[in-house]
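**Student:** One structure is given below, represented as structure tokens, and several questions about it will come after.
The values are calculated or read from the model by the stated rules, or taken from the named source; none is laboratory data. Note that the structure is predicted; figures quoted are calculated from it, not measured. Reconstructed Cβ throughout: ideal geometry from the backbone, glycine too, with neighbour counts over all protein chains shown. When the accessible area is computed, the model is the full protein with side chains, heavy atoms only, and any ligands, DNA or RNA have been set aside. Shrake-Rupley method; radii C 1.70, N 1.55, O 1.52, S 1.80 Å.
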Amino acid sequence: MARTWVAIGILLLSAALFSAGLVRKFATLRHSETVPRKIITVIPKGVENPWWNQVRLGALAGAAGTPYRMVWTGPELESDHMRQITCIEDALTRNSAALVIAPNDSKALIRPVLRAMKSTPCVIIDSPLGKMNGLPLVGTDNSAAGELGARLAARAIGGHGRILVVNHLRNSESTEERARGFIETIRNLYPAIEIVESPFGESSLRNVRPLVTDLLIRHPGIDAIFTVNLDTSEGAYRALLNEGLAGKVRLIAFDSSALLLDGVRRGNVEAIIAQNPFEIGRRGVLRALEMLEGKAGETVTPIPVFVVNRSNLDEMIRSEPAALGL
């Protein structure tokens, strides 16, 4: 009988301990559900373009060694601003500690971003909104980069001739600023140069090549082309290759890739104005961390560009592989 009571006592004690463990586990789970997750969500213009993968790697580097985890989410195409708005809403639902956003439409994203900043620190990277309301911006000085492109193009064609400017998407503020900076500089400083057209590619690489091919046919005698981002640069270069005009029509390309760097080596691409997408992503996350720590920080964090041509190609590949998309 004594053994029976001992056995019963052990069973009762085990049951009590098991129940207490379940209660503690349930309480921990309930607590974890109410504590905001330490997430910094980075939302690019689009994830299809490989340029943004360098931004992603930079964002990962910015979050490394911190209590925060970087989450990367965005639309497939840069033209899909509705999907980007959904990504912002989803990030807020996940209780993201901060958002780092590259708006793919400077007008359509104003309201969603300004609404998000009321509850969550937000940093804008790459492309400003039409209305910033004091939001910090990390990115290239796009107007100055466009001016740089104009000077390079003018030098390449001896200060006179006909130039085609290939724009990207309407309301993509970063690329529109580059085009404006280029066109204004040409008109102000180089009266012997004519801007033939400045059409919008409107979507992606696959639309740019036929667009540029058609323009080359309709406007024979183009001396140079200025492109405003990776899609327009690669699309224009492929069109020049197909038409047998690579190296004859001087291409000033914005953003870098292995294809364009090979074009520089072959003498088919006059120059590349390279941004530093890795650094844009890294500094964007670091700026968000500053905000989370209550630090004032900079309103605008400019990320310098650099020029790649045949004279410095090998040196730049050695020193800046991430910025060049390698």
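Table: residues versus (1) touching a residue at least 24 places away in the same chain (Cβ under 8 Å); (2) more than 20 Å from G325 (Cα to Cα).
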| residue | (1), (2) |
| --- | --- |
| V212 | yes, yes |
| L215 | yes, yes |
| H219 | yes, yes |
| L241 | yes, yes |
| K248 | no, yes |
| L260 | yes, no |
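**Student:** Follow-up. If I ask for residues that are surrounded by 13 or more Cβ atoms within 10 Å (Cβ to Cβ) and in a loop (DSSP other than H, G, I, E, B), which ones from the range 287-303 would you list?
**Tutor:** Scanning the range 287-303 gives G297, I303.
Every residue, every condition in (1) open to solvent by 70 Å² or more (accessible area, probe 1.4 Å); (2) farther than 18 Å from A322 by Cβ; (3) of a type outside the set (D, E); (4) in contact (Cβ under 8 Å) with a residue 60 or more places away in the chain, yes or no:
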{"site": "G46", "(1), (2), (3), (4)": "no, yes, yes, no"}
{"site": "W51", "(1), (2), (3), (4)": "no, no, yes, yes"}
{"site": "R83", "(1), (2), (3), (4)": "yes, yes, yes, no"}
{"site": "N95", "(1), (2), (3), (4)": "yes, yes, yes, no"}
{"site": "V113", "(1), (2), (3), (4)": "no, yes, yes, no"}
{"site": "A116", "(1), (2), (3), (4)": "no, yes, yes, no"}
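**Student:** Now for a separate question. Taking interchain pairs and intrachain pairs at least six residues apart, which have beta carbon atoms under 6 angstrom, with the first residue in the range 162-173 and more than 26 Å from Y190 (Cβ to Cβ) and the second open to solvent by less than 10 Å² (accessible area, probe 1.4 Å) and of a type in the set (S, T, N, Q)?
**Tutor:** N171/S106
**Student:** Which of the residues spanning the range 241-255 are open to solvent by 10 Å² or more (accessible area, probe 1.4 Å) and not hydrophobic (A, V, I, L, M, F, W, C)?
**Tutor:** N242, E243, G244, G247, K248, R250
**Student:** For the range 264-286, how many residues meet the condition of being assigned to a helix (DSSP H, G or I), open to solvent by 20 Å² or more (accessible area, probe 1.4 Å) and under 30 Å from P121 (Cα atoms)? Give the derivation first.
**Tutor:** Taking the range 264-286 and keeping what is assigned to a helix (DSSP H, G or I), we get 264-266, 277-286.
Okay, now just the ones that are also open to solvent by 20 Å² or more (accessible area, probe 1.4 Å), so 265-266, 278-279, 282-283, 286.
This time we only want the ones that are under 30 Å from P121 (Cα atoms), so: 278-279, 282-283, 286.
Selection size over the range 264-286: 5.
**Student:** Of the residues V196, V249, which single one is more than 14 Å from A154 (Cβ to Cβ) and at pLDDT 95 or above?
**Tutor:** On the way: V196 fails: at pLDDT 95 or above.
Going through V196, V249 in turn, just one is more than 14 Å from A154 (Cβ to Cβ) and at pLDDT 95 or above: V249.
**Student:** Filter the range 166-190 for residues that are hydrophobic (A, V, I, L, M, F, W, C) and over 30 Å from V123 (Cβ atoms); which is most open to solvent (accessible area, probe 1.4 Å)?
**Tutor:** Residues of the range 166-190 that are hydrophobic (A, V, I, L, M, F, W, C), as a first pass: 166, 169, 179, 182-183, 186, 189.
Then keep just the ones that are over 30 Å from V123 (Cβ atoms); that gives 186, 189.
Values: I186: 1, L189: 87 Å².
Of everything passing the filter in the range 166-190, L189 is most open to solvent (accessible area, probe 1.4 Å).
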